[in-house]
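Take a look at the structure below.
The values are calculated or read from the model by the stated rules, or taken from the named source; none is laboratory data. The model shown is predicted, which means the values in this text are computed figures rather than measured ones. We place every Cβ from the backbone using ideal geometry, glycine too, and count neighbours over all the protein chains shown.
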Amino acid sequence: MIQAIAGIFNINSSTSRSKAVVKNAVISLLLKGLSILLSFVFVPLYLGAVGQRQYGIILTITSVSYFISFFDVGIGNGLRSKLGKAIANEDKHLGRQYVSTAYFYVTLLFISFFLVYCFISPFVKWYKILNISVNEIPNLNSLVFIVIAIFSARFVFQLIGTIFMADQRSSLNDSISFTTSVLVVIVCYTLKALHSLSFYSLLITMVSLPLLVLIIYTFISFVTRYKWLRPSLSFVDHDIRKDLLNLGFKFFLIQMVALTIFSTTNILIAQLFDIGEVTRYNIAYKYYNITVMVYSILMSPLWGAFTNAWYKGETKWIIKNFKYYLGIILFFVFINIAQYFIYPYFIHFWLKREMAVPEILAISFILYNIVFCYNDIFAHFLASVGKIDRQVFAAVAGGIINIPITIYLAKYTQLGLSAILFANILCLLPSSVVTTIQTIQLLRPKNAVNNT
């Protein structure tokens, strides 16, 4: 199987790095593929249990809560790059120092964040933020408080996935989401059979089971394969936190842009259109995003592999993989076009109901996917080698103008929901240009030698 996939992409799987990339890509593709199928099972189940409007509320609450992850000020991504370099250099002591220091500061940050939220929560007007009435969802503030508490813990334990990625074991990271998806399906169908699947039980199930799975993976990993990286206070080095934070803060700025562009989408739809449109948008997004998810699966092993190849001066291997992945983007464009034509039939089969998507929204999803995937390959490489200064500048510039452009397009054009995507495209384009130019410069033979 591995040799077959390697042949498709013309990858020389005789090298250990290429073997790792292909092996993880194959396993990740299988796990993510099953997770995607399960996610398509979720939607009709959820819609049948709570309806389009309440499902839109759940999606918005979880997307708002997701922004908590960005308050690690980029330590997670800093760890991914630094630990990857330590592993490439076979420095186990330094690797454990990075892991221990990252866990210490991320835990400290999220405890601080949660305490701050405890203080301000009485003043947060969630009904106004979600644009819903008090009678629609009673006790909403208390419910959101519980969700944020769970998310705060979740993003500490999520560091185990960062370790998997740094060690070129992206398939282990993907197995976390697959395990979670299976458990969610089992629990939700059990609750449905007991006539207990409601708005409240569904939301708590969706946010609590991922935390449970992360805790189990963390415990098992640190007593088995990654015992040598197990966090310990004695390995916390407050001096090397600068290594994590200096690079991490740059990642943090990029993450804040991602927060602006992606995590505010559902809020903007609720405010500019209607909370029910959140469900319509997310169903179309889930449908057209399949190719992006598959592309991300194929990309996920490359971060650690790029880091390893860069510090060993193997730029030809990097360039070869750029060509492969740009070819994959072109292939996925044709897949998206095919999706456009079969959308009505698929939705009817999937949801057993009509969920019309305007033609302009479908086209905007396809265009957005092209820009996102193109940007991702170059940003992935630059992040893996810690060369992100220019990317930060371009990303921040795009993030600043994102919401104003979205509001303008939504209010003063006839784009409708597609205004969200066209605004995102416009904000990603500067980053795409900058990352492309910088990557070409870095991979020139002379520059590659000087920078490794």
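Of the residues VAL144, VAL184, the single one that is among the β-branched types (Val, Ile, Thr), in contact with a Leu (Cβ under 8 Å, 6 or more places away or on another chain) and part of a helix (DSSP H, G or I) is VAL184.
Condition test on PHE378, is it at pLDDT 90 or above, surrounded by 18 or more Cβ atoms within 10 Å (Cβ to Cβ) and farther than 14 Å from ALA284 by Cβ? Yes; evaluated as a whole, the condition is true for this residue. Within segment 404-424, the set of residues being surrounded by fewer than 16 Cβ atoms within 10 Å (Cβ to Cβ) and assigned to a helix (DSSP H, G or I) comprises PRO404, ILE407, TYR408, LYS411, TYR412.
One residue stands out among those in segment 383-394 that are within 16 Å of ASN77 (Cα to Cα) and among the aliphatic types (A, V, I, L, M): the one that is surrounded by the fewest Cβ atoms within 10 Å (Cβ to Cβ), which is VAL392. What pairs come up if the first residue lies in segment 176-200 and is within 21 Å of ILE137 (Cβ to Cβ), the second is outside any helix (DSSP H, G or I) and among the aliphatic types (A, V, I, L, M), and their beta carbons are under 8 Å apart, counting only those six or more places apart or on different chains? Once the first residue is within 21 Å of ILE137 (Cβ to Cβ) and sits in segment 176-200, its partners that are outside any helix (DSSP H, G or I) and among the aliphatic types (A, V, I, L, M) give CYS188/LEU197; LEU191/LEU197; PHE199/ILE137.
Criterion applied to TYR189, TYR117, TYR200, TYR105 was being in contact with an Asp or Glu (Cβ under 9 Å, 6 or more places away or on another chain) and in a helix (DSSP H, G or I), and the one residue passing it is TYR105.
Looking only at segment 134-154, decide whether some residue is farther than 22 Å from LEU83 by Cβ, aromatic (Phe, Trp, Tyr) and either touching a residue at least 24 places away in the same chain (Cβ under 8 Å) or crowded, with 20+ Cβ neighbours inside 10 Å (or both). Yes, because at least one residue in segment 134-154 is farther than 22 Å from LEU83 by Cβ, aromatic (Phe, Trp, Tyr) and either touching a residue at least 24 places away in the same chain (Cβ under 8 Å) or crowded, with 20+ Cβ neighbours inside 10 Å (or both).
Quick check: is even one residue across segment 62-78 modelled with pLDDT of 80 or more and surrounded by 17 or more Cβ atoms within 10 Å (Cβ to Cβ)? No, segment 62-78 has no match at all. Return the only residue of LEU30, LEU59, LEU37 being among the hydrophobic types (A, V, I, L, M, F, W, C), closer than 21 Å to TRP303 by Cβ, assigned to a helix (DSSP H, G or I) and modelled with pLDDT of 65 or more. Selected residue: LEU30, the only one of LEU30, LEU59, LEU37 that is among the hydrophobic types (A, V, I, L, M, F, W, C), closer than 21 Å to TRP303 by Cβ, assigned to a helix (DSSP H, G or I) and modelled with pLDDT of 65 or more.
Of the residues VAL182, VAL223, VAL236, only one is surrounded by 17 or more Cβ atoms within 10 Å (Cβ to Cβ) and aliphatic (A, V, I, L, M); which? Before you say what the answer is, go through the steps one by one.
On the way: VAL182 fails: surrounded by 17 or more Cβ atoms within 10 Å (Cβ to Cβ); VAL223 fails: surrounded by 17 or more Cβ atoms within 10 Å (Cβ to Cβ).
On inspection, the qualifying residue turns out to be VAL236.
Please go through segment 326-357 and give me each residue that is farther than 16 Å from ILE290 by Cα, out of contact with any Pro (no Cβ under 6 Å at 6 or more places or on another chain) and surrounded by 15 or more Cβ atoms within 10 Å (Cβ to Cβ), ordered by number. Listed by number, the residues that qualify are MET355, VAL357.
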